[in-house]
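These notes concern the structure reproduced below.
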Amino acid sequence: MPTSDYDPACLPDLLPLYYRRLFPFSQYYRWLSYGGVSKNYFQNREFSFTLKDDIYVRYQSFTTQNELEKEMQKMVPYKVDIGAVYSHRPSQHNAVKSGAFQALEKELVFDIDMTDYDDVRRCCSAADICSKCWTLMIIAIRILDRALREDFGFHHLLWVYSGRRGVHCWVCDDAARKLSVAARSAVAEYLSLVKGGEETLRKVVLSDPIHPFINHSLSVVERYFQQYAIVDQDILGSKESVDKVLTTHIKKDLTIYYQDEKNPMKRWDRLCSSIKKGGQYFDKEIMLQYCYPRLDVNVSKGVNHLLKSPFSVHPKTGRISVPIDLKELNTFDPFEVPTISLICEELERPTADEAEEDDVKDKENEQEAGERRRIRDYKRTSLAKYVKVFDRFLEAMARSWKGEMLKKSGELETSFSVFLTFMSFTYT
Amino acid sequence: MQDSKKKRKKLIGNFQNDLYDQCLQFYGQPPLENISLTEFETFAVERLKLLKTVENVGVSCGKSSEQYTKKLDAEISSLNFPHRGGISEYEKRRKDHISHFILRLAYCQTEDLRRWFIQQEMDLFRYRFNCLHSKHKTDFLHKNNLKYETVSAEEKKNLKDKLIASSYGLSGTKVEEHDVYKVPFQDALDLVRTRKVYLLAGNAYIPHHEIVTIVLNDFRTRLSKALAMTARSLPAVQSDERLQPLLSHLSHAYVGQDYSIQKNIGKISLEQIDALSGKSFPLCMRHLHKALRENHHLRHGGRMQYGLFLKGIGLTLEQALQFWRSEFVKGKVDADKFDKAYAYSVRHMFGKEGKRTDYTPYSCMKVILSNPPSQGDYHGCPFRHSDPELLKQKLQNYKVSPSGINQILELVKGMHYQLACQKYFELTHNVEDAGFSLNHPNQYFTESQKLLNGGRDIKKEVDMSQRSQENPASVTHPSQANSKQAHEEMGDLDSFFQDE
């Protein structure tokens, strides 16, 4: 599928169209209201916009879905970020006594950025990605998704493609949103295995006993390692790369063997079999150093940290930050993700049937008509399947909100019936 | 045993007998008796001395090392605090109880004081809890109504291998014989953070011998809440003229130099920075400066650590903006982008944006313990965060003698990062003894300038055994010089705080 050539200069024309007819506002609002279980949850949420010419505005908040739509259509943000749910409406934070305005809740989030792997990928660097290094994102998603669900017991995870060189994870469970800074940082550190900056050569150190989490993660990495690292990245091919691998764990006898043996797969096998002593995990450490997800703990730690919103547009690539369907993860191709130019173009393509429907539905009120039109609109574009992923995610959460509401009304019912019983006893 | 118990009952009464029948307590109930002002003062000062020792010993030795145990044992005994359950412990336990509550009054007032107090009380509690026999630990849990859910025998069997693989020092027999507790992971953050516990479906499975971590968490939460409440009722206490001077002395004795007030503002010119980086910057800042010059860029962590340090040595906001802009512009950032994206953060550092906090330069403790560098970062402490081989090369490039390098590497191996930096100071300045205890990069700079300019052209600093920052630093080895300064500045009270 071709993606219409995207030109950042067209953003000022494309964005208004996107926000008027394609952005899935009703699902978005439904998500951030979380079933209305907590009062004012949506109203107290902070959004930040990056407008044309890099003008950045914080503490945006909205009282209704309609207001959100109108404002976004008016301001036409180039980037939209989502922040925390505060104690008061963010747009009125200046009116609140200093110290009283606090960030209360926010989803637990993770940001995996391909640039953090620059020291271990040879195909690309910085903002570039390709199908070879994309495997790193697949590995990251599989490892983290499993751990967040099985170890931490979270259920409602939304994985989103950032639009250029990474992925984000939004953990939306009630318990996750209520986590403290210390808890978020503990979760992020539990999930971190690759430690150290420029100056650290050996970034993964394993010792006995090996925690079950590490074993789970290794089994994911092992599935991809040979194809990804030995073949695609060719880490045991060139001398320079071999040296880098081996300096992490200096093995002189390997260097000698490598002088004669040029086949990378054989070199790898030799490395693995050279580990004789127990308690040494060089092969595993190398695999993890080259493949294990690298998180930025600072992104996950802060309750008030702002993160790019799903369905936001990436100004440099034009790609929409779309939800990723984990069931189709192996076939997800970041280069097939629709750009704003593509979906706007798809929108303009005429379809016969709809002209008639329009006449009939003119009698509805404006907002309903607008929504119905919008739903028809994005369904005509490549955005449709991604909104479906979002819908499924919302449905699963909605079931849990129902449970919460029942619990709350159940409490009311019980206390009411106790009251009635008491009254009846009093009057006998 | 029976006789002394009877005796106690006669003298004090049942209520207090119950209160002090355990060596360790949660400090849930405040003391109800009357005490003399002398006792009030003595108790407070002695506990403060104890907590100070807890802090110092904790940094210079590992918290579970033999040295730590020996030193703390000695200090607790010499200060007459309850220890390992002896027979005539009643007086000591009473002192423990009362002194804790007095210090709450002194340390509840600011975020930093609270943090410091909680940290030391927790370390002390952990130490004393670990000294208890297993049975006494269980007794303690029961007495304090800490009911943690235990895992059924069947579940234990199913999870045995996973439990053994997740917890240090756990064997198959231990799993079978002792209880394993199941708590929500939010209640076991220290174990989760270091991955020293098995997690399943949001629960942490804690073996009996690790239960101290959970208890500590509980302790911290309770103490934190209590301090907040104490702060609210403090005005009433402070209006008592007898107490007010003592309480303020107690909390001020441990607020050290934080370099938030810039001395020598504007005395440094930008042209001097390159030269100064070689002569007077600690290794971390020298490293950051070099990376900035080479890459014409630094990431957020590096900008914060280095930017605040520069503020601390006396750069004005205008100078800082010029400095960063001129460097970034040589790289991929044009002047416009700099003004939009980075200038804000420089002004923020100087307290001119946002909530207008005037951020203080990072202490060594903060640099060592928080925000470790990752790929593409140059901040952190080189002695802590660099690979020893690379550190060695760097020191060689800086012309440090081989024997000096070895000494430094030994200290790094022993995790004495600040001492290693101090050694670096001594070697690069050609002195036998630095003459100060390093715990702040700006202190390094000030001391270096003092030495190179042959005299005291910088105002005398106050006692530096404490930082008023997120992670209060501590003295890695007490030095005579500091004690003397503290004595001069603080008056009589300080005679209690002499180190050795």
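Looking at (1) within 13 Å of another protein chain (Cβ to nearest Cβ); (2) at pLDDT 80 or above, which one does A:D260 not meet, given that it meets all the others?
(1)
How many residues are more than 10 Å from chain A (Cβ to nearest Cβ) and among the small types (G, A, S) if we restrict to segment B:146-166?
Within segment B:146-166, the first condition is being more than 10 Å from chain A (Cβ to nearest Cβ), and the residues that meet it are B:146-158, B:160.
Keeping just the survivors that are among the small types (G, A, S) gives B:152-153.
So the answer is 2.
Every residue in segment A:80-106 that is without any contact (Cβ under 8 Å) to a residue 12 or more places away in the chain and either in a loop (DSSP other than H, G, I, E, B) or more than 25 Å from B:T357 (Cβ to Cβ) (or both), please.
Listed by number, the residues that qualify are A:V96, A:K97, A:S98, A:G99.
Taking A:A182 and the conditions (1) in a loop (DSSP other than H, G, I, E, B); (2) at the interface with chain B (Cβ under 7 Å from one of its Cβ atoms); (3) of a type in the set (A, V, I, L, M), which numbered condition does it fall short on, given that it satisfies the others?
(1)
What residue, among those in segment B:167-190 that are at the interface with another protein chain (Cβ under 9 Å from one of its Cβ atoms) and in a helix (DSSP H, G or I), is nearest to B:S134 (Cα to Cα)?
B:D190
I'm checking my understanding of the structure. Among residues of segment A:107-128 that are touching a Phe, Trp or Tyr at 6+ places or on another chain (Cβ under 8 Å) and outside any strand (DSSP E or B), which one is nearest to the other protein chains (Cβ to nearest Cβ)?
By that ranking, first place goes to A:V120.
If B:K352 satisfies all but one of (1) surrounded by fewer than 20 Cβ atoms within 10 Å (Cβ to Cβ); (2) modelled with pLDDT under 90; (3) touching an Asp or Glu at 6+ places or on another chain (Cβ under 6 Å), what's the number of the condition it fails?
Among (1) surrounded by fewer than 20 Cβ atoms within 10 Å (Cβ to Cβ); (2) modelled with pLDDT under 90; (3) touching an Asp or Glu at 6+ places or on another chain (Cβ under 6 Å), B:K352 violates only (3).
Output the residues belonging to segment A:146-161 that are crowded, with 18+ Cβ neighbours inside 10 Å, in a helix (DSSP H, G or I) and either under 11 Å from the mean Cα position of the chain (by Cα) or not hydrophobic (A, V, I, L, M, F, W, C) (or both).
Hit for segment A:146-161 is A:D151, nothing else.
Among the residues of segment B:290-316, write down those that are more than 30 Å from the chain's Cα centre (by Cα), part of a helix (DSSP H, G or I) and surrounded by 15 or more Cβ atoms within 10 Å (Cβ to Cβ).
B:N295
Here is a check on your reading of the model: is A:R164 over 30 Å from A:L246 (Cα atoms), part of a helix (DSSP H, G or I) and more than 7 Å from every other protein chain (Cβ to nearest Cβ)? Before you say what the answer is, go through the steps one by one.
On the way: over 30 Å from A:L246 (Cα atoms): yes; part of a helix (DSSP H, G or I): no; more than 7 Å from every other protein chain (Cβ to nearest Cβ): yes.
So A:R164 fails the test.
Looking at the structure I just gave you, is A:E189 modelled with pLDDT under 95 and within 24 Å of B:S374 (Cα to Cα)?
Values: modelled with pLDDT under 95: no; within 24 Å of B:S374 (Cα to Cα): yes.
Taking the combined requirement at face value, the residue does not satisfy it.
Suppose we filter segment B:213-245 for residues that are buried (at least 19 other Cβ atoms within 10 Å of the Cβ) and either of a type in the set (A, V, I, L, M, F, W, C) or assigned to a strand (DSSP E or B) (or both); how many remain?
Residues that pass the stated criteria total 5.
At least 1 residues that are within 22 Å of the chain's Cα centre (by Cα) and within 12 Å of chain A (Cβ to nearest Cβ) in each: list the helices (runs of 4 or more DSSP H) lying fully within segment B:328-400 that qualify. Full working, then the answer.
Working: elements: B:343-349, B:364-369, B:382-385, B:388-397.
Because the criterion is at least 1 residues that are within 22 Å of the chain's Cα centre (by Cα) and within 12 Å of chain A (Cβ to nearest Cβ), the helices (runs of 4 or more DSSP H) in segment B:328-400 that meet it are B:382-385.
If I ask for residues that are β-branched (V, I, T) and either out of contact with any Ser or Thr (no Cβ under 9 Å at 6 or more places or on another chain) or outside any helix (DSSP H, G or I) (or both), which ones from segment A:367-408 would you list?
Correct list: A:T381, A:V387, A:V389.
Name the single residue, out of those in segment A:315-366 being in a loop (DSSP other than H, G, I, E, B) and among the hydrophobic types (A, V, I, L, M, F, W, C), that is modelled with the lowest pLDDT. Walk me through it before giving the result.
Our first condition is that a residue be in a loop (DSSP other than H, G, I, E, B); within segment A:315-366, this holds for A:315-318, A:321-322, A:324-325, A:332-333, A:337-338, A:349-353, A:362-365.
Okay, now just the ones that are also among the hydrophobic types (A, V, I, L, M, F, W, C), so A:322, A:324, A:332, A:337, A:352.
Details: A:V322: 97, A:I324: 97, A:F332: 95, A:V337: 96, A:A352: 50.
Looking at the filtered set, the residue picked out is A:A352.
Can you pull out the residues in segment B:145-166 that are modelled with pLDDT of 80 or more and either under 15 Å from B:D218 (Cα atoms) or not in a helix (DSSP H, G or I) (or both)? Break it down stepwise before answering.
Just the residues of segment B:145-166 that are modelled with pLDDT of 80 or more, to begin with: B:149-166.
Across segment B:145-166, the qualifying residues are B:E149, B:T150, B:V151, B:S152.
When you check B:T138 against the structure, is it more than 14 Å from chain A (Cβ to nearest Cβ) and at pLDDT below 80, yes or no?
On the way: more than 14 Å from chain A (Cβ to nearest Cβ): yes; at pLDDT below 80: yes.
Considered against the rule, which asks whether it is more than 14 Å from chain A (Cβ to nearest Cβ) and at pLDDT below 80, B:T138 comes out as yes.
Which of the residues that make up segment B:345-372 are more than 21 Å from A:V299 (Cα to Cα) and touching a residue at least 24 places away in the same chain (Cβ under 8 Å)?
Of all residues in segment B:345-372, those more than 21 Å from A:V299 (Cα to Cα) come to B:347, B:350-353, B:356-358, B:360-361, B:363-365.
Selection gives B:R347, B:F350, B:K352, B:D358, B:T360, B:P361, B:S363, B:C364, B:M365.
Taking the residues in segment A:172-197 that are closer than 30 Å to A:D283 by Cα and free of Cβ contacts under 8 Å to residues at least 60 places away in the same chain as candidates, determine which candidate is surrounded by the fewest Cβ atoms within 10 Å (Cβ to Cβ). Spell out how you get there, then give the answer.
In the first step, residues of segment A:172-197 are kept if they are closer than 30 Å to A:D283 by Cα; the result is A:185-197.
Now drop any that are not free of Cβ contacts under 8 Å to residues at least 60 places away in the same chain, which leaves A:186, A:190, A:195-197.
On the way: A:A186: 23, A:Y190: 23, A:K195: 16, A:G196: 22, A:G197: 22.
Filtering segment A:172-197 for residues that are closer than 30 Å to A:D283 by Cα and free of Cβ contacts under 8 Å to residues at least 60 places away in the same chain, the one surrounded by the fewest Cβ atoms within 10 Å (Cβ to Cβ) comes out as A:K195.
Of all residues in segment B:22-74, which are touching a residue at least 12 places away in the same chain (Cβ under 8 Å), buried (at least 17 other Cβ atoms within 10 Å of the Cβ), on the phi < 0 side of the Ramachandran plot and not in a helix (DSSP H, G or I)?
Result: B:Q22, B:C23, B:L24, B:Q25, B:F26.
Across segment A:41-74, what is the total count of residues that are outside any strand (DSSP E or B) and loosely packed, with under 15 Cβ neighbours inside 10 Å?
Filtering segment A:41-74 for residues outside any strand (DSSP E or B) gives A:41-44, A:51-55, A:61-74.
Pick out the ones that are also loosely packed, with under 15 Cβ neighbours inside 10 Å and you get A:51-55, A:63-64, A:66-67, A:70, A:74.
Final tally of qualifying residues: 11.
How many residues are within 8 Å of chain B (Cβ to nearest Cβ), under 15 Å from A:D145 (Cα atoms) and outside any helix (DSSP H, G or I) if we restrict to segment A:185-226?
Counting residues in segment A:185-226 that are within 8 Å of chain B (Cβ to nearest Cβ), under 15 Å from A:D145 (Cα atoms) and outside any helix (DSSP H, G or I) gives 0.
The values are calculated or read from the model by the stated rules, or taken from the named source; none is laboratory data. On a predicted model such as this, the values are computed, not experimentally measured, just so you know. Don't worry about glycine lacking a Cβ; one is built from the backbone with ideal geometry, like all the others, and counts go over all protein chains shown.
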